[in-house]
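For reference, the structure discussed in these notes is given below.
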Amino acid sequence: MMRLGPAGRRIALLLGCLLATATPWAGAAENAVDFEDRVIRMVLPQEPPQLDSSKATDQVSTRVLGHVMEALTRFDGQGRLVPGVAERWEIRRDGATFWLREDARWSDGSPVTAADFVFSWRHAVDPKTASEYAFILQGIENAEEISQGEAQITSLGVSAPEPRRLEVRFSRALAYFDKLVAFATFYPLKESFYRARDGRYGADAEDMLFNGPFVIERWDHGARLEMAKNPHYWDRDNIYLNRIEFPYITADTNAALNLFKDNRIILAGLDSETMENALDQRWRIERFNDGSAWYIEFNHREGRLTQNWHLRRALALSFDTYEFINRVIGTPGNLPGLSLYPSYLQGAKQRLLQEIPPPEPVTDWTLARSHLEKAMAELGLTEPPELVLLTGNSPTANKQAEFLQTLWKDALGLTVRIDRQIFKQRLAKMTAGDFDLVAAGWGPDYLDPLTFGDLFASWNLNNRGRYANPALDACVRDAQNSVDPEARVRAFGCIQRILLDDHAIIPTYERGQIYVIHPAVKGAIRRQTSPDPDLARAWLEQP
Amino acid sequence: MGRYAIKRIIQGLITIWFIATATFAAMHAVPGDPLSNEKATTEAIRKNLEARYGLDRPVFPDQYFIFLGNMAKGDFGLSFTQQNRRVNDIILDAFPVSAQLGVLAIAFAAIGGVLLGAFTALKRNRWPDVTVMLAVILGISVPSFVFAALGQLALVNANDALGFTLLPVAGWGELSHMIMPAVVLGLSTLAFLTRLMRSSMLEVLTADYIRTARAKGVSEGGIFWRHALRNASLPVITVLGPAIAAITTGGFVVELVFAIPGLGRAFVEAVQQLDYTLIMGTTVFYGSFLVFMVIVVDLIYGLIDPRVRLA
């Protein structure tokens, strides 16, 4: 036999030690569903980047927070607003009052008080916190001034005259304020606990305090996150599950589908590639509208060819949203892009798009060509110009960009150069205005049409094409300042009409998502705003 | 020997400084920055964020020298993407995971490579040789993400067919989680080592001392194990150092597919998200690790072969 020299023995010893640090062979297999102990297991697409609710911005963090925290109000499975920590509330033109329930508790057993909201909201607008979501508190008195560093944080228009009464003063009307406060930035934070963590709040499971249906019991960074039912939660009798565990953290959709197939996780998102696989298994494929609207944004900055209305109209007239969703995107569940507003948004009495129906989009290449000629004449061009289309680097983004490139070549003889960039670089180029066209999308922060409606106001920093139109700005102000539902719908209609008539953007589609879910899991909620998917009130039924 | 070691260590430190400086320059030359996000922020908030991470000062000389000073102290600062965590903690958490996986993979690759290489050399140009060498070409040319996906699919189907969990499909924590990822991760190195070992073995088998051994009447088994295999393994040991570093750091796809919380994944995600501090931390850490492994191999070589020391 081969004998090991001293070096070889040392290597063998090292190897043995390393392996010994790993725990022994697999114990009991963890299935997707444990009926006896009421446990479900899922995959998390990434490590939550920020679990301090005053600073969280991303979907994974807000998804986790949505299970362990509770705001003043929340949305139920049908998308209706229901009481959370507040048992009732009143929204007025100049402010709002929330009455907190008596039995709302933190996970240490102490009561959730109005002061916890005052601290949290002040903390979020404090420029020292540097919360990227500070803007969402705008409309509360002095919020904007404080975040600009021009006012004291104690001057924020929120106070706790009684432990269970929260008073809010507005600087402009906030008709949708009860929906707004369901958002993560508005979760309460207990000041004494927060300060005691000395900047480490949200860093680990023990550095957090919870007031929602679950608590985070274990968090191995990058590897595993486990939630257990919160025994202090006021509505604990309506929480069926004892645990929600995330033993896998990966963004790989194929891996998620394999885990689902192996009965390790209860839910797996699908894409056009994995959908085939799921169909072969004869699984029931679920679909839902994730709430985001997608569009091509033009660069309206001075000196850009895309400032020309005829050019924008020519590009818009060559585009066919139905062809786009059916032939290019290809997965079921996507809806045609007709408007800036997605179809699920509520208007005054019914769906917003039923109250202000957008015009059916026209595809007419002959008309498009005549507009291109007019554009060339106005711009003094002798041949069709070359345009730069800025896009992401995902396979989906590539496919869509290549379709548009071919489309505009065929329809108009235009050359489109595709500029593929990874996320941060694409954002940098969008902000700097280094593009003619950019494939962009927007997801809602709260369930009011204004989250889309103010996007192209001249002052909105997310308006990266720098579209500026005083008529549109006026309509946005109307929508912001009015409390009359009918008047607001009219204002939203005005915004939609201007954007479409002026071809400020070309709506491309409303995104749908498809997924598979374990048949025993009932009451899983998919929704357009975080947390999605929401399993807090799910239950199990043996098949 | 002492002077040789000191010389190599100083060379190593210069290399690490160079890696750090080049990465620092390249990272800042890329458009965009770690603070830009989907939601645009106001000037005031941006300024505060910049101040928190020290991005409010000029990149050169201020940020560069602050970075070098902290690097010398072994502190890489706060991560931009895992916002409440220090880069040092992320590396401390993730590196042992990648190292465990890497050691298993390298053990699989080295043992498999040496044995397969020796075996094919003995069976030169006969069917076992041809078959293995064909497989080796596959192993070298097929990228690891294909093997990762195939390996995982194989496990799903195996578990399904058997009715019990042979090996988990993904996840981390137990030895059973590591086997398939280690095999997948080690495959291309195994293939490479097999080829190396085969040619080295072929050379050794025709050497004079083998003929001498045979003339002395040493059995064929003794010749193989004691004389041929040990001598032919030397080139394999040479490449093992860099291979260990490459395997422990190159497992990004494998870590993603098998949901393993390793450093390869943290590194690639840091680059995608332009997480300045995490990019610098992981690059310098990896660079130092690689340099260290090369020095160790050189020193061991120096011990074995005095000619290397003098050269």
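The values are calculated or read from the model by the stated rules, or taken from the named source; none is laboratory data. Computed from a predicted structure; not experimentally measured. Glycine also receives a Cβ, built like all others from the backbone with ideal geometry; neighbour counts cover every protein chain displayed. For the accessible areas, the whole protein counts, side chains as well, though only heavy atoms, and no ligand, DNA or RNA atoms are used. Shrake-Rupley method; radii C 1.70, N 1.55, O 1.52, S 1.80 Å.
Ignore the peptide's own chain and count Cβ atoms of other chains within 10 Å of each Cβ in B:224-232; give me the average, rounded.
1
Would you list the membrane-span-like helices of chain B, meaning whole DSSP H runs whose alpha-carbon atoms span at least 18 Å along their axis and whose mean Kyte-Doolittle value is at least 0.5?
What comes out of the filter, once short or polar helices are dropped, is B:2-29, B:87-122, B:127-141, B:144-162, B:175-205, B:234-249, B:276-304.
Would you mind calculating the gained length between A:LEU381 and A:ALA115 on full extension (0.36 nm times residue separation, minus the Cα-Cα distance), in nm to one decimal? Intermediate results must be reported in sequence, preceding the final value.
Numbers: separation 266, 0.36 × 266 = 95.76 nm, distance 6.38 nm.
Value of the extension gain: 89.4 nm.
Am I reading the A/B interface right? What is its buried accessible area, both sides, 1.4 Å probe, to the nearest 100 Å²?
Heavy-atom accessible area buried at this interface is about 5000 Å².
Net charge near B:ALA99: determine it from the other residues with C-beta under 13 Å of the C-beta of B:ALA99, scoring Lys and Arg +1 and Asp and Glu -1.
-2
Please tell me the relative contact order of chain A in percent, rounded to the nearest whole number, where contacts are Cα pairs under 8 Å and at least six residues apart.
18
Could you work out how far apart the two model spin labels at B:GLN272 and A:GLU486 are, taking each label as a point 7 Å from the Cα in the direction of the beta carbon, and quote it in nm?
Modelled inter-label distance: 5.1 nm.
When the helices in chain A are scored as -39500 (n - 2.57) per DSSP H run of 4 or longer and the sum is shared across all residues, what 222 nm value do you end up with, to the nearest 500 deg cm²/dmol?
After summing the helix terms and dividing by the residues of chain A, the value is -8500 deg cm²/dmol.
Pulled fully out, how much extra length does the chain show between A:GLU150 and A:THR415, if you take 0.36 nm times their separation in residues and subtract their Cα-Cα distance? The partial results should precede the final answer.
Values: separation 265, 0.36 × 265 = 95.40 nm, distance 4.86 nm.
Using 0.36 nm per residue and subtracting the Cα-Cα distance, I get 90.5 nm.
Among A:TYR233, B:PRO181, A:TRP283, pick out the residue whose Cα is farthest towards the positive end of the charge dipole of the protein assembly as shown, where Lys and Arg carry +1 and Asp and Glu carry -1 on C-beta, about the Cα centre.
B:PRO181
Quick one: Karplus J couplings for the stretch A:451-458, per residue in order, coefficients 6.51, -1.76, 1.60, θ = phi - 60°, nearest Hz, x for Gly and Pro?
Along the stretch A:451-458, the couplings run 4, 9, x, 8, 4, 10, 5, 5 Hz.
Return the FRET efficiency for the residue pair A:ARG38, A:ARG169: r is the Cβ-Cβ distance, R0 is 30 Å, and the value is rounded to the nearest 0.05.
With R0 = 30 Å, the Cβ-Cβ based efficiency is 0.10.
Would you compute the Debye intensity of the stretch A:104-160 from its alpha-carbon atoms alone, equal scatterers and no solvent, and pass along log10 I(q)/I(0) at q = 0.13, 0.17, 0.25 Å⁻¹ to two decimals?
Rounded to two decimals, the profile gives -0.34, -0.53, -0.90.
For a test of the definition: using alpha carbon positions, the gyration tensor, and the 1.5 limit on a/c, classify chain B as rounded, prolate or oblate.
Because a/c hits 1.5 or more and a/b fails to exceed b/c, chain B counts as oblate.
For a protection proxy built on the mean count of beta-carbon atoms within 10 angstrom, sort B:13-23, A:56-66 highest first, please. If you can, show how the numbers build up before the last one.
Working: B:13-23: 14.6, A:56-66: 22.5.
The peptides rank, most packed first, as A:56-66, B:13-23.
Taking K and R as +1 and D and E as -1, what net charge do the other residues with C-beta under 12 Å from the C-beta of B:ASN88 add up to? Could the numbers behind the result be given before it?
Details: positive: B:LYS73, B:ARG85, B:ARG86; negative: B:ASP75, B:ASP89, B:ASP93.
Summing Lys/Arg as +1 and Asp/Glu as -1 gives 0.
So what does the Cα-only Debye profile of the stretch B:39-119 read at q = 0.16, 0.22, 0.23, 0.26 Å⁻¹, as log10 I(q)/I(0), no solvent term?
For the stretch B:39-119, the Cα-only Debye profile gives -0.78, -1.07, -1.11, -1.20.
Roughly how many nanometres apart are two label points built 7 Å out from the Cα toward the Cβ at B:ALA207 and B:ASN157?
4.4
Over the stretch A:183-239, what is the relative contact order in whole percent, taking alpha-carbon pairs under 8 Å and six or more residues apart?
Relative contact order comes out at 23 percent.
If you take the square roots of the eigenvalues of the alpha-carbon gyration tensor of the stretch A:335-428 and sort them as a ≥ b ≥ c, do you get rounded (a/c under 1.5), prolate (a/b over b/c) or oblate?
oblate
What's the local net charge at B:ALA213, with K and R +1, D and E -1, over the other residues with C-beta under 15 Å away?
In short, +3.
Quick one: which of A:523-531, B:210-218, B:99-107 comes out on top by average Cβ neighbours within 10 Å, and what's the full order, highest first?
Result, highest mean Cβ count within 10 Å first: B:99-107, A:523-531, B:210-218.
Evaluated at 25 °C with a viscosity of 0.890 mPa s, what Stokes-Einstein diffusion coefficient in µm²/s does the protein assembly as shown have when Rh comes from the Kirkwood expression over alpha-carbon pairs?
Estimated diffusion coefficient is 81 µm²/s.
Placing +1 on the Cβ of each Lys and Arg and -1 on the Cβ of each Asp and Glu in chain B, which of B:GLY287, B:PHE192, B:GLN82 has its Cα farthest towards the positive end of the resulting dipole?
B:PHE192
Projecting each Cα onto the charge dipole of the protein assembly as shown (Lys/Arg +1, Asp/Glu -1 at the beta carbon, about the Cα centre), which of A:GLN46, A:THR321, A:MET69 comes out farthest on the positive side?
My answer, from the dipole projection, is A:GLN46.
How large is the charge dipole for the stretch B:95-261, taken about the Cα centre, if only the Cβ atoms of Lys, Arg (+1) and Asp, Glu (-1) carry charge, to the nearest 20 debye?
Its charge dipole is roughly 800 debye.
From other protein chains only, count the Cβ atoms within 10 Å of every residue's Cβ in B:74-86, then give the mean.
Averaged over the peptide's residues, the number is 4.
Which whole number gives the average, over all residues in B:254-267, of C-beta atoms from other chains lying within 10 Å of the residue C-beta?
Neighbouring Cβ atoms belonging to other protein chains average 4 per residue here.
Treating only the Cα positions of the stretch A:393-543 as identical point scatterers, give the base-10 log of I(q)/I(0) from the Debye formula at each q in 0.13, 0.19, 0.20 Å⁻¹.
Cα-only, vacuum Debye calculation for the stretch A:393-543: -0.83, -1.23, -1.28.
Compute the distance in nm between two label points, each set 7 Å from the Cα along the Cα-to-Cβ direction, one at A:ASP198 and one at A:THR253.
Result for the modelled spin labels: 4.6 nm.
About the Cα centre, and with charges only on the beta carbon of Lys, Arg (+1) and Asp, Glu (-1), how big is the dipole of the stretch A:417-488? Nearest 20 debye, please. Provide the component values of the computation, followed by the final result.
Values: 9 positive and 10 negative charges, 117 e Å.
Charge dipole, the stretch A:417-488, about its Cα centre: 560 debye, nearest 20.
Relative contact order for the stretch A:398-543: what percent, with Cα pairs under 8 Å and sequence separation of 6 or more?
13
For n ≥ 4 DSSP H runs only, could you compute -39500 (n - 2.57) per run for chain B, divide by its residues and tell me the 222 nm figure to the nearest 500?
On the way: 13 runs with 224 residues, N = 311.
It comes out at -24000 deg cm²/dmol, rounded to the nearest 500.
Taking the Cα of B:ASP62, stepping 7 Å toward and past its beta carbon, and measuring to each backbone N in the stretch B:260-280: which are under 19 Å?
Inside the label zone: B:276-277.
Please label the shape of the stretch B:62-195 as rounded, prolate or oblate, based on the square roots a ≥ b ≥ c of the eigenvalues of the alpha-carbon gyration tensor (a/c under 1.5 means rounded; beyond that, a/b larger than b/c means prolate, else oblate). Could the numbers behind the result be given before it?
Working: a/c = 3.11, a/b = 1.69, b/c = 1.84.
Oblate.
Hey, in the GNM for chain B with a 10 angstrom Cα cutoff, which one of B:GLY151, B:GLY117, B:GLY74 fluctuates hardest?
Per the Cα network of chain B with a 10 Å cutoff, B:GLY74 tops the list.
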